[in-house]
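The values are calculated or read from the model by the stated rules, or taken from the named source; none is laboratory data. Only a predicted model underlies this, so the values are computations on that prediction, with no experimental measurement involved. Cβ atoms come from the backbone with ideal geometry, glycine included; neighbour counts cover every protein chain shown. SASA here: full protein model, heavy atoms, side chains in, ligands and nucleic acids out. Shrake-Rupley method; radii C 1.70, N 1.55, O 1.52, S 1.80 Å.
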Amino acid sequence: MIDLHTHTNKSDGTDSPRELVNKAIAMGLTVLGISDHDTTAGWEEAAQTLRGGLHLVLGSEISCLTHDGISVHMLGLLFDQEHQQMQIMLEETRDGRLPRMRKMIEKMRAAGIDISMQDVEAARPEGATLGRPHLADALVNKGVISSRDQAFQGMLNNDSEFYVSHAAPTPAEAIAMIRSAGGVAVIAHPFASLRGQILQASDFQELIDAGLNGIEVDHRDHNPDERQMLRKLARDLDLVVTGSSDYHGTGKLNALAEFQTSPAEWEKLESQADKRRVVKK
Ligand code: AMP
Ligand code: ZN
Ligand code: FE
Ligand code: FE
């Protein structure tokens, strides 16, 4: 069982890295990828918890924005944590999430919703990349809404009047950075159309030129038609096909390992990193 895309409370998941690794071991996963949004903060704790036969793939899900304003998530796996430019890129994105949150809160307050930055900070675990899910949790705590899911179907959706984007690299810039840091780049849930505007198949050549390694095909936000289109695209472009849960603990319905990557595709992906960086104990 190989699950390459999960979140901890170092971003918007609810399990600590320790809890997540322990769950993966208890479930009998063979390979677990940890990919918190725009951070590597959970890597050390996850590696320290590792034991038995589980192989750990350290990574990050990098928030990107195209020149047309389309939000894209890029999984960077197996890159060098010491790569300075990569860490600066991640830090700049995290920094940009603060003024963005203030703007979203301002818009809500202007609409008469009782919410403040203190409320959101109280909902954010220490050291976590700040995101809309923390705003959702704060709104739940205030009794404005009932769940994260409800928030994302309404007031926190990309199409909502309250939505504000934040500064982020373009997908091609993120891919180039991941590769220069020795890692591999997999575009996450590219056809997840419920989240907002998505890339077209014709946009992929530019990403391949930047060094894209794979496409996340099997994901709960893709319907069967979208998966079929992406599988064909990956075959035509000679890209690795992955499947993953995008597990967020209790923050999302996604169950650990509900979608998986085949051993053959994983082997192909791993061989494209510049060094053998999988953590094993
Ligand atoms: P942000 O990065 O701040 O724009 O927030 C986007 C994050 O919200 C993504 O990482 C998603 O995992 C999360 N998200 C999107 N839809 C939902 C949902 N329906 N329930 C919980 N979390 C969601
Ligand atoms: Zn998330
Ligand atoms: Fe994502
Ligand atoms: Fe994710």
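Points worth noting:
- Extents of the chain, largest first, come to 53, 43, 38 Å (Cα atoms, principal axes, whole angstrom).
- Along its principal axes, the range 99-153 has C-alpha extents of 30, 23, 17 angstrom, given from the largest down.
- The GluC sites (Glu not before Pro) of the range 106-164 that meet both conditions, a loop assignment by DSSP and at most 10 other Cβ atoms within 10 Å of the site Cβ, are E126, E161.
- Of all accessible heavy-atom area on the chain, the percent that carbon and sulfur account for (1.4 Å): 48
- Accessible area (Å², per residue) of the chain, counting only protein heavy atoms and a probe of 1.4 Å: 44
- Sites D80 and A255 - FRET efficiency at Förster radius 35 Å, r taken between beta-carbons, to 0.05: 0.65
- Selection from I198, I178, Q150, by position along the positive dipole direction of the range 131-215 (Cβ): Q150
- Net charge of the neighbourhood of I105, taken over other residues with C-beta under 14 Å away and scored Lys/Arg +1, Asp/Glu -1, is +3.
- For the chain, the dipole from Cβ point charges (+1 on Lys and Arg, -1 on Asp and Glu) about the Cα centre works out to 480 debye, to the nearest 20.
- Whole-number Å³ per residue for the convex hull built on Cα positions in the range 73-136: 100
- Taking Cβ atoms as reference points and 13 Å as the exclusive limit, the residues near Q197 contribute a net charge of -2, counting Lys and Arg as +1 and Asp and Glu as -1.
- Equivalent ellipsoid, the range 1-145 (semi-axes from 5 times Cα gyration tensor eigenvalues, Å): 30, 19, 12
- Spin-label zone in the range 71-96 - amide nitrogen under 11 Å from a point set 7 Å from the Cα of Q197 along the C-beta vector: 71
- For the range 187-281, the Kirkwood radius over C-alpha pairs fed into Stokes-Einstein at 25 °C and 0.890 mPa s yields D = 171 µm² per second.
- Reducing the range 132-195 and the range 16-73 to their Cα centroids gives an inter-centroid distance of 16 Å.
- Dividing the summed -39500 (n - 2.57) terms of all DSSP H runs of n ≥ 4 by the residue count of the chain sets its mean residue ellipticity at 222 nm at -11500 deg cm²/dmol.
- Rounded to the nearest Hz, the phi-derived 3J(HN,Hα) couplings of the range 234-243 under the Karplus curve 6.51 cos²θ - 1.76 cosθ + 1.60 (θ = phi - 60°) are 4, 5, 4, 9, 6, 9, 6, 9, 10, x, where x marks glycine and proline.
- Proximal lysine pairs, the chain, alpha carbons under 19 Å, eight or more residues apart or interchain: 9
- 13 Å beta-carbon shell around T93, net charge (K/R +1, D/E -1): -4
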